[in-house]
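Remarks on the structure that follows.
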Amino acid sequence: MELKYKFKDKNLLYTALSHSSYANEHKNQGVKCNERLEFLGDAILGFVVGEYIYKKFESWPEGKLTKLRASVVCENMLSKKGRELGINKELRLGKGEENTGGRERNSIIADAVESIIGAIYLDGGIGEARSFILELLEDEIENMSSTVTILDAKTTLQEIIQKKSQEPIEYKIIGESGPAHCKLFEVEVHHRGFILGKGNGKSKKEAEQRAALEAINLIKSR
């Protein structure tokens, strides 16, 4: 496991890796499960990511920031990062949980990541916790920010157009290519008979969003 953080109190790390099933089987040894650390780590994770994106994306409205934070601190992302760190290999699980594939269960790995964040905070303070979180997620935040921008493009374009016109925006499929299992769609977005933008995508929705994003960029450049 590669955490890039050395615990002064190793018991915090052991607790962070201890699933409730393991703690229940080792009650006589005073083993604690990681649920309380998970609670703490979840709060710290949300704060650090929220603070980071608030400062980084100064022009973004609250709704867009919320979508980005949710996409970064979700179970799938945390379990992915947990596997990259090798946390799943170090989990302390009860026999039943081990035998039913708990070591590769996304929810358990994601919970352990949050528990470790909580443990680092208690062991080293908010500065160390922030460094760990951003080392883990900074690149993912950058990647997901582009996705969120694309997903929000149609709504943003609609808001821009409605300030000057009540006439509807139309999305028209102008081309399809590729085999049935891997089609590529090409879409134009029209308003008042003019083409505002074009976009390609593996689905009609993706192509529409990319066409809307191009339209937004063209409008802003005028």
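Taking each residue of segment 27-53 that is under 15 Å from TYR14 (Cβ atoms) and at pLDDT below 95 and looking for partners that are of a type outside the set (Phe, Trp, Tyr) and crowded, with 16+ Cβ neighbours inside 10 Å with beta-carbon atoms closer than 7 Å, six or more apart or interchain, yields VAL31/SER18; VAL31/ALA23; LYS32/THR15; LYS32/SER18; LYS32/ALA23. Scanning segment 54-68 for residues that are exposed (fewer than 14 other Cβ atoms within 10 Å of the Cβ) and modelled with pLDDT under 95 turns up GLU58, SER59, PRO61, GLU62, GLY63. When residues in segment 20-44 are screened for being within 14 Å of ILE116 (Cβ to Cβ) and in contact with an Asp or Glu (Cβ under 6 Å, 6 or more places away or on another chain), 3 of them pass. Checked against the criterion of being out of contact with any strand residue (DSSP E or B) (no Cβ under 8 Å at 6 or more places or on another chain), in the same structural domain as GLY46 (by TED's automatic domain parsing), free of Cβ contacts under 8 Å to residues at least 12 places away in the same chain and among the small types (Gly, Ala, Ser), segment 89-112 contains one or more residues that satisfy it. Residues in segment 69-87 that are part of a helix (DSSP H, G or I) and surrounded by fewer than 21 Cβ atoms within 10 Å (Cβ to Cβ): ARG69, ALA70, SER71, GLU75, ASN76, MET77, LYS80, LYS81, ARG83, GLU84, LEU85. Out of VAL113, VAL72, VAL49, one residue alone is hydrophobic (A, V, I, L, M, F, W, C) and within 24 Å of TYR22 (Cα to Cα). It is VAL113. Every listed requirement among (1) closer than 30 Å to ASN11 by Cα; (2) in contact with a Phe, Trp or Tyr (Cβ under 6 Å, 6 or more places away or on another chain); (3) of a type in the set (D, E, K, R) is met by GLU176 save one, (1).
Residue by residue, here is whether (1) among the aromatic types (Phe, Trp, Tyr); (2) under 26 Å from PHE57 (Cβ atoms); (3) touching a strand residue (DSSP E or B) at 6+ places or on another chain (Cβ under 6 Å); (4) touching a residue at least 40 places away in the same chain (Cβ under 8 Å) holds:
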| position | (1), (2), (3), (4) |
| --- | --- |
| ALA129 | no, yes, no, yes |
| GLU142 | no, yes, no, no |
| THR147 | no, yes, no, yes |
| GLU159 | no, yes, no, no |
| GLU176 | no, no, yes, no |
| PRO179 | no, no, no, no |
| GLY193 | no, no, no, no |
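Looking across segment 98-115, the residues that are of a type outside the set (Gly, Ala, Ser) and more than 18 Å from the chain's Cα centre (by Cα) come down to GLU98, ASN99, THR100, ARG103, GLU104.
The one condition from (1) in the same structural domain as PHE47 (by TED's automatic domain parsing); (2) at pLDDT 95 or above that SER146 does not meet is (2).
One line per residue, one yes/no per condition, for (1) in a loop (DSSP other than H, G, I, E, B); (2) touching a Lys or Arg at 6+ places or on another chain (Cβ under 7 Å):
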| position | (1), (2) |
| --- | --- |
| TYR5 | yes, no |
| PHE39 | no, no |
| LEU45 | no, no |
| ILE53 | no, yes |
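The selection criterion, being surrounded by fewer than 14 Cβ atoms within 10 Å (Cβ to Cβ), assigned by TED's automatic domain parsing to the domain that holds GLY86 and in contact with a Leu (Cβ under 9 Å, 6 or more places away or on another chain), does not hold for TYR22.
The values are calculated or read from the model by the stated rules, or taken from the named source; none is laboratory data. Note that the coordinates shown come from a computational prediction; the quantities given were computed from them, not determined experimentally. Every residue, glycine among them, receives a Cβ derived from its backbone with ideal geometry; neighbour counts consider all protein chains shown.
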